[in-house]
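Rule-based calculations on the coordinates, nothing more; no lab input. Remember, predicted model here, so these are calculated numbers, not experimental data. Reconstructed Cβ throughout: ideal geometry from the backbone, glycine too, with neighbour counts over all protein chains shown.
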Amino acid sequence: MTKAPAVRYVEDVARVGDGFNRLFGSLLGESILPTYGEKFWHPVIDINQTEKEICVRVELPGVDEKDISISVEESRLTISGERKTKEEYKESSQWYSEMTFGSFHRIIDLPDTVISDKAEAKFEKGLLTVTIPRSEKAKGKKVKILVVK
């Protein structure tokens, strides 16, 4: 199977990261860097904010809603899941591939503390949208300060 140059580059970087984790992870008892490979992919995200809420959009094409897990704690959003290989692909030999299947795990540090129990998620046409209200203390309050001479 022929791989695109970008895919080969990512695999090379992944091997370096795996070696780093083997070397230093044993000292700390956990992985330092995310692990890459055939069973891992990294969906892209956008984060937008207004005065009232934070909105995170995640591209998850080919992922079933039932295979997505979302949690919010303080100012950290965790999204994980799996994009499964199509059954029709399992019986064929692959000649070329840029698609990635397998598990993903994203931990997103949000810009402010949020009200986690009011978070809402919508999944439509491969796009996950998570909307989380900002907490009152995170919104802040405008205070005019007088300058004294």
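As a rough guide to protection, the peptides 51-62, 120-131 ranked by mean Cβ packing within 10 Å, highest first, stand as 51-62, 120-131. Ordering 42, 105 by the number of other Cβ atoms within 10 Å of each residue's own Cβ, fewest first, gives 42, 105. Exposure proxy for 41, 95: other Cβ atoms within 10 Å of each Cβ, ordered fewest to most, give 95, 41. When the pairs 52/149; 66/118; 86/122; 52/125 are compared against a 31 Å limit on Cα-Cα distance, 52/149 fall above it. Kindly list the residues of segment 52-72 that lie in the label zone of residue 84, defined by a backbone N under 18 Å from the point 7 Å along the Cα-to-C-beta vector. From segment 52-72, the list is 60-70. Per residue, the Cα convex hull of segment 41-135 amounts to 93 Å³. Fewest-first ordering of 50, 113, 100 by other beta carbons within 10 Å of each residue's beta carbon gives 50, 113, 100.
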